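Peer 1: Have a look at the structure that comes next, please.
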Amino acid sequence: MSPGPARRLVPSYLATGGVSTPEHSVLEELTALTATGRSALPHHTPAHRRLLDLVGDGGLTVMEIAGYLRLPVGVVKMLAAQLVSDGLLRAAAPLPAALAPSTTAGRPNRALLEEVMHGLLAL
C-alpha cells in the first residue's frame, strides 16, 4: 500500500496566532461552548473560524471540538478562551460534582442504573 499524498504539518501554535497563553482560561475538556452569533474578527485565525463554524449549529464540548478539528485539546482550549474573551463564544462549565448524580468511585449507583433500565424498557 502506498502512502497517501504528503500532508504539510503546521505547528499547533500557528493555529492560535502565536499566542501561547490565554488571558484567562478556566475551560475544561467537558466545558460546553456555544456561539453568540457574532462574526469572527480580522485578527482571528482560520482555526478560530473553523471552531466558530463548528459550534454555529449548536453547542459542543471542548473535547468534541478537538476531535472534529483534529487539534490537541490544549490548542482548542486556547482558541476557545480567546473567542470567549472576544465575546464570540459562551462557555458553560461542566456539572459540578455536588450536582452530579450520586456515584461510587466514578460509577453511577445501582438505583440510578435501574431507573434508566426501567425507562428504556418502557419505550
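The values are calculated or read from the model by the stated rules, or taken from the named source; none is laboratory data. Since the structure is predicted, the reported quantities are computational estimates derived from the model, not experimental observations. Every residue, glycine as well, gets a Cβ built from its backbone with ideal geometry; the counts of neighbours run over all protein chains shown. Keep in mind that these areas ignore ligands, DNA and RNA; they rest on the heavy atoms of the full protein, side chains included. Shrake-Rupley method; radii C 1.70, N 1.55, O 1.52, S 1.80 Å.
Peer 1: By average Cβ neighbour count within 10 Å, what is the ranking of 34-45, 55-66, 74-85, 109-120 from highest down?
Peer 2: Put in order of decreasing packing, that is 74-85, 55-66, 34-45, 109-120.
Peer 1: I've got another one for you. With the full set of protein chains in place, find how many percent of the accessible area of segment 52-91 is carbon and sulfur; take the probe as 1.4 Å.
Peer 2: Working: 910 of 1810 Å².
Carbon-and-sulfur percentage of accessible area, whole number: 50.
Peer 1: Just grab the label-to-label distance for Ser39 and Asp57, each label 7 Å out from Cα along the Cβ direction, in nm (one decimal).
Peer 2: 2.2
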